[in-house]
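Below: the structure, in structure tokens.
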Amino acid sequence: MILVLFIPILLMTAVVLMFTFNPGKKKRAGLQGKAGLWMLYGYTFILLLSAAAYLLLPMEGVTSASEAEANHGEEQFPYFYDIFHTGNIEELPDEWVVKQWTLNFDRDELVLEAPENDINVVNIFVEKTSDLEGTIEATFYQTPVSVNGHSVEKQYHPSIQVQEGTLEIYPSNIVQLRYRMFQTEFPFEQFTGDKDQRWGQSVTGSDSALYIKVPEHIQVRSSPNTFNMVTP
Amino acid sequence: MILNTDGLKPIYIQVAEWIESEILNDNLKKDEKVYSQYKLADMYNINPATAAKGLTKLADEGILYDKRGLGKFVSTDAKQMIMDKRKNQTLKQLVNDLITEACNLEMSEKEILQMVRNAWKGETNESH
Amino acid sequence: MKAIKCKDLIKRYRRKKALDNLNLSIEENRIVGLAGRNGAGKTTLMKILAGLLKEQSGIVEVYGRRPFNNLFVSANTIYIDDQMNFPSPLTLIEILEEGQRFYYNWDHELALSLFNYFGFHPKQRHNELSKGKESTFNMIVGLASRSPLTIFDEPTTGMDAAVRKDFYRALLKDYLNHPRTILLSTHYLEEMEDLLEEVVLMHNGSIFFHMPMDDLKTYSIGLTGKRTVLEPWAQEKEIFYTHDTGVDDRYLVIKNNLSDKEVEDMKQAGIRFSPVSASDLCVYVTDEKGRERGVDDVFNRSADR
Amino acid sequence: MWTMSLTEVQTVDVVKKQIGYKWRAYTGVFMSLVIIQLLGVLFSLNGSGSGGYGRTGYDIMVQYFSGDIIIVFTIFWGFLTALLFTTRAYREDDFSFITNRTSSTISTILFLFVISVIGGFTSLLSGYLLKVLTYILFPEGKTLLISNPEGPGVWIMGLVSVVLIIFMFSSIGYLAGMMIQWNKLFLILLPVLLFGSMTWLAQSGVMVGEYFYQFYFQEKNFILYVMKTIVSTTGLYTFAAFISNHLEVKK
């Protein structure tokens, strides 16, 4: 109930009011005279300054949570993973490519290792293709990660290494992102914005996949269900 | 004259008597305007109504006369009237008090007359 | 026009009747003293006149209007008592300036000169003042407002004798320049005898008497002499107060309606006459505990146990 | 010779003077406003909400800052100020100079409106102060902004709505105060009645608090909102004025 929530505030306001009010004959040193008025003038001046400063702050306007949900949402690509299974990755928009590797590999057998993949699950797909010879191509796709519609600056991608015939995929350090979201006060939004979503925040871009193309003749082995073999 | 505030005589009478003495010693001449009630109240630190009462008392006795809206003026034979009044009223009263006091002290008539004569001599030598 | 008119005024606090069928009428532009013992109803009457309290029944009019909740009366009246409170953020000078804004007849020059004369510091605050200083400041506000009806409720509480004297002088001076109705309740009646034009004595919520000060001073007379000598004279006179001193000496206060002859004979009989001050008379006539007994009896009774 | 003149006086003039008098006299009101709002800013500094997200490889922390708490503080400040204005000491301040109950009540109500405007204006601005402070105090991380009010029109509407809600709460405080002055029992009775009835009704499903919140704070139509607040405020103040007219002063 709102009231209960605000009891501490009520008490605190009462204390302050008692402190500053002096209706009776009580002697009140110090806080006499026009202190109150000067405080008000000074405070208003500071407020106006900060309002001006606020306008200069480097901020990026973002849409409200619900709108962000709409245009970046997963709904647009519900069958994200099917595309990988079927291998026709051309359909994916280019901006989803996060990182591409091309590695030389001239052996006939490839061992695929993805240690600690249980924490940061990366879906791995392997496609055997005839137009590659002696090299392996790996591309990491991710639906754009956005916070309330603001696409993040740094993107995550796993690290890949080839050593004596084994392709190691291991997680790289986590991308730390800190954001401050300035929300306009409720009176400004009461009559315009969709208030219900005010506190909602949405981070989109949960789907990611690592697509590896290997030359046709290479035999790929790994521990069970670390990757999916693409069947075009 | 300082008002004797705790004496028997009411203030307004004392004020009236003061004006009479002013007339007697010619500080206030015939047909001269007398102090207004407010001036008197200011001088003696008393309520103007009391001062006015003193002035009206003198006006009733004819010592002062009223000029519409201008205030009170000394009437022509004011001085004479005050002298007569003082003779047969105030002086008479003083004599009576003298006699009462003399009887209290069981003095004979001769002794009291002698005192008066000496006092008279003392007074007359000084005034000549 | 009458400044103040009260007819069968009743005011009740819970059970006690603060004002009991009070009738009073005061002409305008007079300085009137309101005397009476504590609890006689002086303050209640004044607060009703100032429009602060509501009367239970009866008619009360200030300049022809009912004071309670009346802006006209409030604009033309000022009520000064020791509970005057001004908001603490205002310094004394600022309070005077507020007075200047509110009161139409306010004389700021007078206020400032009195302010300096009585040695106030502009930056002082009202709740920092001592009792006497506070009364003095309130008095300045009362005087400077020049309200057609100025009511002082015991204005001199806490004032020292010198300040009281200055106050009476200032009051008279300003009254002479700007006559107005001034109602003063006081316990220092003897100090104001020359200042007041009329005296209203209140007792048990009603008016005991209301007469000009001059009449009040000669209303009674004090007789001192042997009890035996005084006895016959005092038979049919209205006695206000008796007090025995010494072996057989007595002091009597009686109504002053003696003929000159009687005065002469009494003087012959060795009875001494002395004036009775207005304030003493007020004390005598409102003596609840009966004519004879005084506070001495409290001690006498304990002594002879 | 100066003749003493009786002055006819209009309530309007007296009320004007009284408002000026209160402005100069009750500076404590502004002091408490500034302190309240600074406390509000302090409260809001640690953010009014945050969200953390662990997507594959991401650790995203979003902290929300909004001046809402400051506005709520100011609303309660309006309520309490009005309540305190009904205490005897304040009413008697008026009676040191020219007044009657009507002019005293009207000037108090108008003064409360003036400070509601100031309270509303500063509370909205304090949101900017909060945000600038967060920007300075927590420099790391990007600042995102959700839908600034599109134009001055929206801002003005926001200001009007805050002022009206503060003024309404001050009318609630003023009425509560007057009832308490009328009979000290209300000091206990009012809160008991209020919370008692709310909890009792809550059992039978009627959430009074919620309903009150929706009725005012979630009214999307501006005109309707203005009407609602103004009607309630006038109603409450008239009732309070009615009571104050019968209160004696300086018993």
(message) Go through (1) buried (at least 24 other Cβ atoms within 10 Å of the Cβ); (2) part of a strand (DSSP E or B) for C:I48 and report which single condition fails.
(response) (2)
(request) Answer yes or no: is there a residue in segment C:30-37 that is surrounded by fewer than 23 Cβ atoms within 10 Å (Cβ to Cβ), within 13 Å of chain D (Cβ to nearest Cβ) and not hydroxyl-bearing (S, T, Y). (result) yes
(request) Being over 26 Å from the mean Cα position of the chain (by Cα) and at the interface with chain D (Cβ under 10 Å from one of its Cβ atoms) is the filter here, so list the residues in segment C:72-121 that pass it. (result) C:P87, C:S88, C:P89, C:L90, C:E94, C:I95, C:E97, C:E98, C:R101, C:F102, C:Y104
(request) Within segment C:137-191, count every residue that is within 14 Å of chain D (Cβ to nearest Cβ), hydroxyl-bearing (S, T, Y) and within 20 Å of B:A49 (Cβ to Cβ). (result) 3
(request) Residues that are within 21 Å of the chain's Cα centre (by Cα) and closer than 30 Å to C:F86 by Cα: find the helices (runs of 4 or more DSSP H) completely inside segment D:178-251 holding 2 or more of those. (result) D:222-244
(message) For segment D:49-68, give me the residue count where each residue is of a type in the set (S, T, N, Q) and more than 8 Å from chain A (Cβ to nearest Cβ).
(response) 1
(request) Return the only residue of D:G153, D:G173 being surrounded by 15 or more Cβ atoms within 10 Å (Cβ to Cβ) and within 14 Å of chain A (Cβ to nearest Cβ). (result) D:G173
(request) Determine, yes or no, whether D:R101 is basic (K, R), surrounded by fewer than 21 Cβ atoms within 10 Å (Cβ to Cβ) and either under 18 Å from the mean Cα position of the chain (by Cα) or closer than 30 Å to C:Y79 by Cβ (or both). (result) no
(message) Being within 13 Å of C:I140 (Cβ to Cβ) and part of a helix (DSSP H, G or I) is the filter here; which residues of segment C:99-123 pass it?
(response) C:G99, C:Q100, C:H108, C:E109, C:L110, C:A111, C:L112, C:S113, C:L114, C:F115, C:N116, C:Y117
(request) Of the numbered conditions (1) under 21 Å from D:S96 (Cβ atoms); (2) assigned to a loop (DSSP other than H, G, I, E, B); (3) not charged (D, E, K, R), C:N29 fails exactly one; give the number of that condition. (result) (1)
(request) Looking only at segment A:208-218, decide whether some residue is modelled with pLDDT under 80 and either in contact with a strand residue (DSSP E or B) (Cβ under 9 Å, 6 or more places away or on another chain) or not assigned by TED's automatic domain parsing to the domain that holds A:T102 (or both). (result) no
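Okay, residues lined up against (1) surrounded by fewer than 23 Cβ atoms within 10 Å (Cβ to Cβ); (2) of a type in the set (V, I, T); (3) outside the structural domain of C:G158 (by TED's automatic domain parsing):
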{"residue": "C:T91", "(1), (2), (3)": "yes, yes, no"}
{"residue": "C:W106", "(1), (2), (3)": "yes, no, no"}
{"residue": "C:E109", "(1), (2), (3)": "yes, no, no"}
{"residue": "C:H126", "(1), (2), (3)": "yes, no, no"}
{"residue": "C:K131", "(1), (2), (3)": "yes, no, no"}
{"residue": "C:S135", "(1), (2), (3)": "no, no, no"}
(message) Just to be sure before I move on: is D:L124 crowded, with 19+ Cβ neighbours inside 10 Å, more than 12 Å from chain A (Cβ to nearest Cβ) and aliphatic (A, V, I, L, M) in the structure I sent?
(response) no
(message) Please go through segment C:241-282 and give me each residue that is among the hydrophobic types (A, V, I, L, M, F, W, C) and either assigned to a strand (DSSP E or B) or under 30 Å from the mean Cα position of the chain (by Cα) (or both), ordered by number.
(response) C:L252, C:V253, C:I254, C:L258, C:F273, C:V276, C:A278, C:L281, C:C282
(request) Report yes if D:S116 is more than 10 Å from chain A (Cβ to nearest Cβ), buried (at least 20 other Cβ atoms within 10 Å of the Cβ) and closer than 30 Å to C:S147 by Cα, otherwise no. (result) no
(request) Take segment C:108-155 and flag every residue that is closer than 28 Å to C:Y63 by Cα and without any contact (Cβ under 8 Å) to a residue 60 or more places away in the chain. (result) C:H108, C:E109, C:A111, C:S135, C:T136, C:F137, C:N138, C:M139, C:I140, C:L143, C:A144, C:R146
(request) Determine which single condition D:R91 fails, assuming it passes every other condition in (1) more than 8 Å from chain A (Cβ to nearest Cβ); (2) surrounded by fewer than 17 Cβ atoms within 10 Å (Cβ to Cβ); (3) at pLDDT below 85. (result) (2)
(request) From the list B:K57, B:K39, pick out the single residue that is among the basic types (K, R), within 22 Å of C:T181 (Cα to Cα) and part of a helix (DSSP H, G or I). (result) B:K39
(message) Among the residues that make up segment C:98-113, is at least one of them modelled with pLDDT of 95 or more and farther than 30 Å from D:V12 by Cβ?
(response) yes
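Residues of segment C:1-20 being of a type outside the set (A, V, I, L, M), farther than 23 Å from C:T181 by Cα and either away from every other protein chain (no Cβ under 14 Å) or not in a strand (DSSP E or B) (or both), which ones?
Correct list: C:R14, C:R15, C:K17, C:D20.
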(request) Examine segment D:98-109 for a residue that is without any contact (Cβ under 8 Å) to a residue 12 or more places away in the chain, in a helix (DSSP H, G or I) and either at the interface with chain A (Cβ under 10 Å from one of its Cβ atoms) or at negative phi (or both), and state whether such a residue exists. (result) no
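Listed here are the residues, each with its yes/no results for (1) surrounded by fewer than 17 Cβ atoms within 10 Å (Cβ to Cβ); (2) within 14 Å of chain B (Cβ to nearest Cβ); (3) within 30 Å of B:L40 (Cα to Cα).
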position: C:S206; (1), (2), (3): no, no, no
position: C:F209; (1), (2), (3): yes, no, yes
position: C:L216; (1), (2), (3): no, yes, yes
position: C:L230; (1), (2), (3): no, no, no
position: C:W233; (1), (2), (3): no, no, no
position: C:L258; (1), (2), (3): no, yes, no
(request) Taking the residues in segment D:14-48 that are more than 7 Å from chain A (Cβ to nearest Cβ), among the polar types (S, T, N, Q) and in contact with a helix residue (DSSP H, G or I) (Cβ under 6 Å, 6 or more places away or on another chain) as candidates, determine which candidate is farthest from A:I46 (Cα to Cα). (result) D:Q18
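The values are calculated or read from the model by the stated rules, or taken from the named source; none is laboratory data. Everything numeric in this text was worked out from a predicted model, so none of it was measured. A quick note on method: Cβ atoms are made from the backbone with ideal geometry, for glycine too, and the neighbour counts reach across all protein chains shown.
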